[in-house]
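Below is one structure, written out as structure tokens, with a few remarks after it.
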Amino acid sequence: MKVLLTGAGGQLGQALIASVPDGLELVATSRQDLDLADPEACRTAVEQHQPDWVLNAGAYTAVDKAESESALAHAVNAGAPEAFARALDQQGGRLLQISTDFVFNGTQGRPYQPMQARDPLGVYGASKAAGEAAVQSVFGTSGRGLILRTSWVIGPVGKNFALTMLRLHRERDQLGVVADQVGCPTSTLTLAQACWRTLQIAGGSELPAVMHWSDAGAASWYDVAVAVGRIGAELGLIDMPAEVQPITTADYPTPAERPAYSLLDSTSTRTALQLSGQHWQHALKDVLQQAKTP
């Protein structure tokens with residue numbers, strides 16, 4: 001199996017590269033190799049490498065900045081998936097599109113099911129929703145275009161909330177962290193496992209066209225910040241946790257509106273992929289154990 005991976009330099013991309021299954025031929029591309037904002041470059045990459053799969057882990061993920069860079073966010077998050085899908089539709093091959101909980105508005109107060117209607121709040125979510133729609137438009141019900149949504153991605157490398165909190169616990173005595181946004185962290189280590197299992201299983205069985213994957217449980221950003229401090233101290237990564245104070249979304253205004261409750265129901269995906277869920281606190285500990293100390 002030959003896989004063309006985008007976003008190789010990102011936190012998920014690095015986890016995917018570190019866990020490539022035996023016997024798989026991986027063509028890993030980063031931003032320097034493949035400009036996802038250029039649809040012609042995306043089509044050319046498929047024609048040149050002729051992969052069995054494109055694993056599109058690359059994305060424009062600057063949620064707040066997207067509000068002022070809408071064209072770029074849509075070019076990367078919607079244009080690239082469409083270009084990959086059209087090229088694969090012509091030459092053969094399949095697409096695994098990584099998407100996000102931000103395609104939902106976060107108002108229903110219960111976990112989102114994979115086939116629920118998309119209703120994003122901001123530019124980032126709208127661009128990712130458009131990418132999903134493009135994949136579905138090109139491939140229809142053929143099963144050749146799969147969407148895997150995830151949430152609150154954290155990993156031992158790159159820029160993410162867990163590593164930022166670890167640094168702030170070192171630097172400050174007190175932190176204020178939003179406590180009224182609820183979802184679930186997802187380790188790049190478990191997400192990479194789910195991605196590779198998807199590609200392996202899809203060759204011999206039919207998978208749902210849209211799947212959800214996050215670690216188990218639920219949390220606010222405040223909960224995660226507290227856990228980073230506790231686990232960081234246990235692992236000797238910090239001397240003493242900072243005191244974390246819960247604040248509201250209104251206390252910490254941002255350019256982009258975020259869903260207040262974006263928990264994803266991953267039950268059907270765990271069954272389909274034959275993977276058990278790991279609680280987010282255990283996954284967080286694994287991430288921090290592997291973290292490269294800044």
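The values are calculated or read from the model by the stated rules, or taken from the named source; none is laboratory data. Remember, it's a predicted structure, so these values are computed and weren't measured experimentally. Note that we place each Cβ from the backbone using ideal geometry, even for glycine, and neighbour counts take in every protein chain shown.
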Taking the range 1-36 and keeping only residues that are in contact with a helix residue (DSSP H, G or I) (Cβ under 6 Å, 6 or more places away or on another chain), hydrophobic (A, V, I, L, M, F, W, C) and over 20 Å from K159 (Cβ atoms), one is left with L4, V27, L34
Subset of the range 214-261 [over 24 Å from L166 (Cβ atoms) and either hydroxyl-bearing (S, T, Y) or crowded, with 22+ Cβ neighbours inside 10 Å (or both)]: P259, Y261
Among the residues listed as N56, N77, the single one being under 28 Å from K159 (Cβ atoms), in contact with a Pro (Cβ under 7 Å, 6 or more places away or on another chain) and buried (at least 24 other Cβ atoms within 10 Å of the Cβ): N56
Looking only at residues in the range 86-114 that are within 19 Å of the chain's Cα centre (by Cα), hydrophobic (A, V, I, L, M, F, W, C) and in a helix (DSSP H, G or I), which one is farthest from A256 (Cα to Cα)? V103
Would you mind stating whether V244 is more than 16 Å from A272 (Cα to Cα) and touching a residue at least 12 places away in the same chain (Cβ under 8 Å)? yes
So E132 fits all but one of (1) surrounded by 24 or more Cβ atoms within 10 Å (Cβ to Cβ); (2) under 20 Å from L199 (Cα atoms); what number is the exception? (1)
Select from the range 224-283 the residues that are among the basic types (K, R), in a helix (DSSP H, G or I) and farther than 30 Å from I201 by Cβ and list them in ascending order. R230
Look at Q50 and say whether it is among the polar types (S, T, N, Q), farther than 15 Å from T188 by Cβ, touching a helix residue (DSSP H, G or I) at 6+ places or on another chain (Cβ under 7 Å) and in contact (Cβ under 8 Å) with a residue 40 or more places away in the chain. yes
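Look at L264 and say whether it is buried (at least 16 other Cβ atoms within 10 Å of the Cβ) and touching a helix residue (DSSP H, G or I) at 6+ places or on another chain (Cβ under 8 Å). Spell out how you get there, then give the answer.
Details: buried (at least 16 other Cβ atoms within 10 Å of the Cβ): yes; touching a helix residue (DSSP H, G or I) at 6+ places or on another chain (Cβ under 8 Å): yes.
The answer is yes for L264.
Would you be able to say whether some residue in the range 194-207 is under 20 Å from T248 (Cβ atoms) and of a type in the set (D, E, K, R)? Please lay out each step first, then the result.
To start, the set of residues in the range 194-207 that are under 20 Å from T248 (Cβ atoms) comprises none.
No, that holds for no residue.
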Out of all the residues in the range 42-79, which are in a loop (DSSP other than H, G, I, E, B), farther than 25 Å from G122 by Cα and acidic (D, E)? D52
Across the range 10-38, which residue is farthest from the chain's Cα centre (by Cα) among those that are of a type in the set (A, V, I, L, M), surrounded by fewer than 17 Cβ atoms within 10 Å (Cβ to Cβ) and assigned to a loop (DSSP other than H, G, I, E, B)? L24
If I go through the range 25-55 residue by residue, how many of them are under 24 Å from Q193 (Cα atoms) and either charged (D, E, K, R) or at pLDDT below 95 (or both)? 4
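Has the range 155-166 got at least one residue that is in contact with a Ser or Thr (Cβ under 6 Å, 6 or more places away or on another chain) and over 25 Å from L235 (Cα atoms)? Spell out the reasoning first.
As a first pass, look at the range 155-166 and keep what is in contact with a Ser or Thr (Cβ under 6 Å, 6 or more places away or on another chain): 155.
Keeping just the survivors that are over 25 Å from L235 (Cα atoms) gives none.
No: zero hits.
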Output the residues belonging to the range 253-278 that are farther than 20 Å from C184 by Cβ and either in contact with a strand residue (DSSP E or B) (Cβ under 9 Å, 6 or more places away or on another chain) or without any contact (Cβ under 8 Å) to a residue 12 or more places away in the chain (or both). P253
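Here is a yes/no grid of residues against (1) surrounded by fewer than 18 Cβ atoms within 10 Å (Cβ to Cβ); (2) touching a Phe, Trp or Tyr at 6+ places or on another chain (Cβ under 8 Å):
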residue	(1), (2)
I98	no, no
M115	yes, no
T150	no, yes
L163	no, no
A71 passes all but one of (1) free of Cβ contacts under 8 Å to residues at least 24 places away in the same chain; (2) touching a Ser or Thr at 6+ places or on another chain (Cβ under 8 Å); which number fails? (2)
